[in-house]
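The structure appears below as structure tokens.
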Amino acid sequence: MSRIGERFKQLEQKGRVALIPFVTAGDPGPAVTVPLMHAMVEAGADIIELGVPFSDPMADGPVIQRASERALEHGVSLRDVLGMVSQFRQQDTSTPVVLMGYLNPVEIMGYESFAEAAQEAGVDGLLTVDLPPEEADELVAAIKPRAIDPIFLIAPTSSEERMQRICDAASGFVYYVSVKGITGAGHLAIGEVAAKMAQIRKHTQLPVGVGFGISSAEKAQAIAQVGDAVIVGSVLVKRIEELRETPEEIAPAIAQILSSMRQAIDLV
Amino acid sequence: MPIEKPIDFSSMPDSRGHFGPYGGLFVSETLMEPLDELREAYEKYMQDESFLAELDADLANYVGRPSPVYHAERLSRENGGAQIYLKREDLNHTGAHKVNNTIGQALLAKRMGKKRIIAETGAGQHGVATATVAARLGLECVVYMGAVDIARQEANVYRMKLLGAKVESVESGSKTLKDALNEAMRDWVTHVDDTFYIIGTVAGPHPYPAMVRDFQAIIGREGRQQMLSQTGALPDALVACVGGGSNAIGLFYPFLNDERVKIYGVEAAGAGLDTDQHAAPLCAGTPGVLHGNRTYLMEDKNGQIIETHSISAGLDYPGVGPEHAWLKDIGRANYVAATDDEALAAFHTLTRVEGIIPALESSHAVAYALKLARQMDESQTILVNLSGRGDKDMHTVAALDGLKI
């Protein structure tokens with residue numbers, strides 16, 4: 001079983017919903033990321049999603065776009081991100097790390113060499129937002145034997161037929177995109193999410209995480225009532241942006257946001 | 001030796017939009033169903049007689065088709081070598097080939113019951129062609145345009161506003177066409193229920209590369225007939241400029257099965273292919289995935305998309321339609337490049353010798369055609385796609401002469 005599978009099993013035994021923070025690797029500078037990852041685990045993160053910067057982040061809102069731009073100003077590449085994961089693994093061998101980004105940096109590295117390097121670094125999952133299962137066979141074949149879970153998105157527009165196809169291709173967990181829109185969108189409707197979750201669970205035994213638009217402890221709590229994992233990104237990345245001139249303040253500030261979300265989620 | 005079955009080009013792409021290893025559908029999950037819906041509608045209406053009749057009538061009476069094929073006799077004589085024929089897409093309403101596609105997609109939007117149209121634009125030609133058809137059909141229209149392009153294409157921005165479109169300035173990334181496309185995709189994903197995204201070139205996720213090609217293929221269908229009736233034969237060579245590649249594929253597609261016809265796509269070599277100032281992914285790029293499809297890209301060793309340069313904003317794009325990528329790999333078409341200077345020289349030559357002022361994009365095709373013609377016999381013919389007129393480029397060319405107009 002992959003590290004992600006094990007983590008969800010432990011959480012289920014404890015009756016705990018997972019908290020998955022997303023930050024862009026190398027934002028606002030490469031030195032910030034690894035200590036920030038440790039601080040997030042300390043503050044209650046169960047899995048970490050690490051954004052791989054890309055020049056053309058089509059599915060992201062302005063907050064995460066700017067994070068990508070800041071990281072790219074430092075020339076942060078996919079190989080650099082793998083280096084950060086391997087540095088993180090020197091101290092933390094249990095918290096799963098999922099890379100989230102776009103296909104092209106993986107494509108140019110080559111699926112096999114990526115899979116090999118990612119396994120060596122200690123990566124546990126890969127979510128390429130512009131890679132639907134229809135195009136993913138080759139990449140899945142490269143990463144899955146190396147205990148790296150392919151994570152796929154389900155959207156509000158996905159039909160039952162597509163849900164089935166996605167669930168069949170996924171392992172680790174499936175990621176429900178809770179709004180029609182881009183990351184950081186503001187119109188999360190909890191009732192609709194609950195209805196979709198019931199639909200998705202008909203197609204899979206895998207844990208279902210929910211992300212996009214979860215910007216407060218209250219929303220995190222509401223989502224925790226229906227999902228197995230709460231995924232938060234833009235609210236953290238926005239705080240990182242505010243503190244970009246004083247990077248030493250970033251880890252404690254992000255830890256504070258996550259702690260309050262953790263508390264709210266654990267009340268469920 | 002086994003005999004290879006000839007490729008039937010009309011059967012491409014496959015059902016999921018692949019041209020060999022290129023094309024496909026690389027978008028976030030939210031867009032998968034809407035793209036499927038679009039594909040179904042496009043497949044249905046391309047077989048629907050009333051839709052096709054409406055499209056034909058609009059192309060004839062609104063756009064002004066068929067566009068002529070003109071034998072540039074004086075140019076051919078002065079240049080030497082093959083006879084040069086020009087397919088006059090510059091004479092279309094709005095001044096370029098772009099409208100062939102926007103008419104088609106807007107009629108499709110109307111049939112699908114969509115009330116809102118969005119588009120991306122670089123130089124503004126596709127934006128103007130979209131705003132034009134939106135005005136005519138009474139549809140709300142939003143055009144995304146990079147802040148850098150807005151600054152250098154003021155006249156087209158004003159034209160779009162006159163036509164009732166809202167022009168959204170894109171401030172992210174390099175603030176040019178690729179970023180406008182990203183932003184239009186973000187809009188679409190957010191307003192997917194009531195919005196139709198009119199992509200202006202043969203790139204993007206399936207079905208766009210095939211659909212835009214099919215709407216532009218009227219260029220080649222007409223050109224084929226016109227060459228047959230004027231010269232009694234097919235042309236020996238076709239030449240068209242390639243940015244995203246819609247005018248080129250529109251000309252090439254109806255000739256792909258005519259093995260004897262040589263095909264040349266001309267990319268923008270900018271300051272030269274040996275510099276980093278160009279926009280020639282087929283000549284100097286590598287395959288990758290961007291904007292929903294796999295194709296040749298201008299990218300760095302880490303897979304980040306790099307900035308491009310061309311004197312013509314319409315060729316200033318880091319990707320290219322996936323069908324071109326495939327035609328290059330299988331060797332059916334040749335992809336070459338013309339520099340800014342070569343294109344400018346051709347711009348002046350055609351203007352002075354034939355009284356036709358070409359767009360700077362099309363000037364790249366003319367530049368290569370002049371070179372190619374000189375290596376050919378005077379009994380041979382070249383059909384060049386004159387994809388647009390140069391009115392929009394007056395300020396660019398004047399500025400090079402030190403004038404402000």
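The values are calculated or read from the model by the stated rules, or taken from the named source; none is laboratory data. Keep in mind the model is a prediction, meaning the values are calculated, not measured. Here the Cβ positions follow ideal geometry from the backbone for every residue, glycine too, while neighbour counts run over all protein chains shown. To get the accessible areas, we keep the full protein, side chains included, count just its heavy atoms, and leave off ligands, DNA and RNA. Shrake-Rupley method; radii C 1.70, N 1.55, O 1.52, S 1.80 Å.
Each residue of the stretch B:268-282 in turn: what ³J(HN,Hα) in whole Hz from Karplus with 6.51, -1.76, 1.60 and θ = phi - 60°, glycine and Pro shown as x?
Per-residue couplings from phi come out as 8, 8, x, 7, x, 5, 8, 9, 9, 9, 8, 9, 10, x, 6 Hz.
What is the sum of charges, Lys and Arg at +1 and Asp and Glu at -1, for the other residues whose Cβ falls under 13 Å from the Cβ of B:Gln125?
Around B:Gln125, the surrounding residues sum to -4.
Check A:Val232: other-chain or 5+ apart residues with amide H under 5 Å from its amide H, H built from backbone geometry?
Correct list: A:Ile20, A:Phe22.
Over the Cα atoms of the stretch A:40-189, what radius of gyration and what Dmax do you get, in Å?
According to the Cα coordinates of the stretch A:40-189, Rg and Dmax are 15.2, 42 Å.
Based on alpha-carbon positions alone, could you give the equivalent ellipsoid semi-axes of the stretch A:213-268 from the gyration tensor, as √(5λ), descending, whole Å?
24, 11, 7
If each Cα of the stretch B:1-126 is one equal point scatterer, what is log10 of I(q)/I(0) from the Debye formula at q = 0.10, 0.14, 0.21 Å⁻¹?
Scattering profile of the stretch B:1-126, log10 relative to I(0): -0.53, -0.93, -1.30.
Determine one quarter of the surface area of the Cα convex hull of the stretch A:107-175, which equals its mean projected area, and express it in nm² to one decimal.
That works out to 4.5 nm².
What's the FRET efficiency of B:Gln375 with B:Asn257 using the Cβ-Cβ distance as r and R₀ = 25 Å, to the nearest 0.05?
After rounding, the FRET efficiency stands at 0.50.
Measure off 7 Å from each Cα along the Cα-to-Cβ vector at B:Thr286 and B:Ala135, then give the distance between these two points in nanometres to one decimal.
About 4.6 nm separates the two model spin labels.
Please give the direction-averaged projected area of the C-alpha convex hull for the stretch A:126-268, in square nanometres with one decimal. Could the numbers behind the result be given before it?
Details: hull surface 38.2 nm².
If you wrap the Cα atoms of the stretch A:126-268 in a convex hull and average its projections, you get 9.5 nm².
Based on alpha-carbon centroids, what's the gap between the stretch A:120-194 and the stretch B:211-284 in Å, whole number please?
Computed from Cα coordinates, the inter-centre distance equals 39 Å.
Loop only per DSSP, at most 14 neighbouring Cβ atoms within 10 Å: give me the GluC sites (Glu not before Pro) in the stretch A:167-255, ordered by residue number.
Those that pass, being in a loop and sparsely packed, are A:Glu245.
So what does log10 I(q)/I(0) come out to for the protein assembly as shown at q = 0.06 Å⁻¹, using the Debye formula with one equal point on every Cα and no solvent?
-0.35
Measuring from label point to label point, each 7 Å out along Cα→Cβ, what is the B:Asp56 to B:Ser229 span in nm?
With each label placed 7 Å out from Cα toward Cβ, I get 1.5 nm.
For an R0 of 35 angstrom, estimate the FRET efficiency from the Cβ-Cβ distance between A:Leu267 and A:Arg146 and round to the nearest 0.05. Mind dumping the intermediate values first?
Working: r = 38 Å, r/R0 = 1.08.
Computed FRET efficiency for A:Leu267 and A:Arg146 comes out at 0.40.
Output wanted: per-residue J couplings in Hz (rounded whole) for the stretch A:237-248, from phi through Karplus 6.51 cos²θ - 1.76 cosθ + 1.60, θ = phi - 60°, x for Gly and Pro.
Per-residue couplings from phi come out as 5, 5, 5, 4, 4, 4, 9, 5, 7, 10, x, 5 Hz.
Would you kindly calculate the translational diffusion coefficient of the stretch B:67-149, applying Stokes-Einstein with the Kirkwood radius from alpha carbon pairs, for 20 °C and a viscosity of 1.002 mPa s, and quote it in µm² s⁻¹ without decimals?
Numbers: Rh = 14.7 Å.
It comes out at roughly 146 µm²/s.
Go through the stretch B:382-390 residue by residue and turn each phi into a ³J(HN,Hα) via Karplus (6.51, -1.76, 1.60, θ = phi - 60°); whole Hz please, and just put x for glycine and proline.
Karplus values, whole Hz, x for Gly and Pro: 10, 9, 9, 7, 8, 6, x, 9, x.
Note the full-extension length gain between A:Ser159 and A:Glu112 as 0.36 nm times their separation in residues minus their Cα-Cα distance, in nm to one decimal.
Net length gain for the segment: 13.7 nm.
Starting from a Cα-only point model with no solvent, please compute log10 I(q)/I(0) by Debye for the stretch B:193-240 at q = 0.13, 0.17, 0.20, 0.24 1/Å.
-0.45, -0.63, -0.75, -0.88
Which value, in Å² and to the nearest 10, is the accessible area of A:Thr183 when all protein chains are kept and the probe is 1.4 Å?
Answer for A:Thr183: close to 20 Å² accessible.
At what distance in nm do the modelled label points of A:Glu218 and B:Ala271 sit from each other, each positioned 7 Å from its Cα along Cα→Cβ?
5.5 nm
Local charge sum around B:Ala367 (other residues, Cβ-Cβ under 13 Å, Lys/Arg +1, Asp/Glu -1)?
Within the 13 Å Cβ shell, the charges total -3.
Ordering B:His309, B:His348, A:His187, B:His126 by accessible area with a probe of 1.4 Å, largest first, what comes out?
Working: B:His309 55, B:His348 80, A:His187 100, B:His126 10 Å².
Final ranking, largest accessible area leading: A:His187, B:His348, B:His309, B:His126.
For the stretch B:40-113, what ratio Rg/Rh do Cα atoms give with a Kirkwood hydrodynamic radius?
Values: Rg = 16.7 Å, Rh = 14.3 Å.
Dividing the radius of gyration by the Kirkwood radius yields 1.17.
Nearest-5 percent of antiparallel DSSP beta bridges in chain B? Each step should come with its number before you reach the end.
Working: 16 of 51 bridges.
DSSP beta bridges in chain B are roughly 30 percent antiparallel.
Which of the three applies to chain B, rounded, prolate or oblate, going by the alpha-carbon gyration tensor with a ≥ b ≥ c and a/c under 1.5 meaning rounded?
Values: a/c = 1.32, a/b = 1.20, b/c = 1.11.
Rounded.
Using only the Cα atoms of the stretch B:146-204, what are the Rg and Dmax in Å?
For the stretch B:146-204, the Cα-based Rg and Dmax read 12.0, 34 Å.
Quick one: dipole size for chain B, taken about the Cα centre, charges +1 on Lys/Arg Cβ and -1 on Asp/Glu Cβ, in debye to the nearest 20.
So the magnitude is around 660 debye.
Any idea what Rg and Dmax come out to for chain A if you just take the C-alpha atoms, in Å?
16.8, 48
Can you give the translational diffusion coefficient of the stretch B:118-229 in µm²/s, computed by Stokes-Einstein from the Kirkwood radius over Cα pairs at 20 °C and 1.002 mPa s?
The estimated diffusion coefficient comes to 146 µm²/s.
Would you mind checking which residues have amide H under 5 Å from B:Val170's amide H? H placed 1.01 Å from N; only 5 or more apart, or other chain.
Here B:Met145, B:Gly146, B:Ala147 satisfy the definition.
Report the calculated FRET efficiency for A:Glu248 and A:Glu138 (r = Cβ-Cβ distance, R0 = 60 Å), to the nearest 0.05.
The computed FRET efficiency comes out at 0.90.
If the viscosity is 1.567 mPa s and the temperature 4 °C, what Stokes-Einstein diffusion coefficient in µm²/s follows for the stretch B:275-405 when Rh is the Kirkwood radius over Cα pairs?
Approximately 80 µm²/s, per Stokes-Einstein.
So how many Å³ per residue does the convex hull of the Cα atoms of the stretch B:263-303 work out to? Working shown, then result.
On the way: hull volume 3.4 nm³, N = 41.
Looking at the stretch B:263-303, the number lands at 84 Å³ per residue.
Counting Lys +1, Arg +1, Asp -1, Glu -1, what net charge surrounds B:Pro287 among other residues with beta carbon under 12 Å of its beta carbon?
Here the charged neighbours net out to -1.
Count, for each residue of A:72-78, the Cβ atoms from other chains sitting within 10 Å of its Cβ, then give me the mean as a whole number.
Details: counts 3, 0, 0, 3, 2, 5, 3.
The mean count of partner-chain Cβ atoms within 10 Å per residue comes to 2.
To make sure I understand the rule: partners must be lysines, Cα under 16 Å from the Cα of B:Lys371, and not fewer than 8 residues away in the same chain. Which ones qualify?
Candidates past the 8-residue exclusion: B:Lys262.
What's the Cα-based Rg to Rh of the stretch B:353-405, Rh via Kirkwood?
Radius of gyration over Kirkwood radius for the stretch B:353-405 works out to 1.09.
Just the C-alpha atoms of the stretch A:4-73: what Rg/Rh do they give, with Rh taken as the Kirkwood radius?
Radius of gyration relative to Kirkwood radius: 1.07.
At most 15 other Cβ atoms within 10 Å and a DSSP loop assignment: could you name the GluC sites (Glu not before Pro) in the stretch B:1-82 that fit? Don't skip to the end; give the middle numbers.
Working: sites: B:Glu4, B:Glu29, B:Glu37, B:Glu40, B:Glu43, B:Glu49, B:Glu54, B:Glu73, B:Glu78; in loops: B:Glu4.
In loop regions of the stretch B:1-82 (DSSP not H, G, I, E or B), the sparsely surrounded GluC sites (Glu not before Pro) are B:Glu4.
Taking H as built 1.01 Å from N, whose amide H comes closer than 5 Å to the amide H of B:Gln380, not counting residues under 5 places away?
B:Gln83
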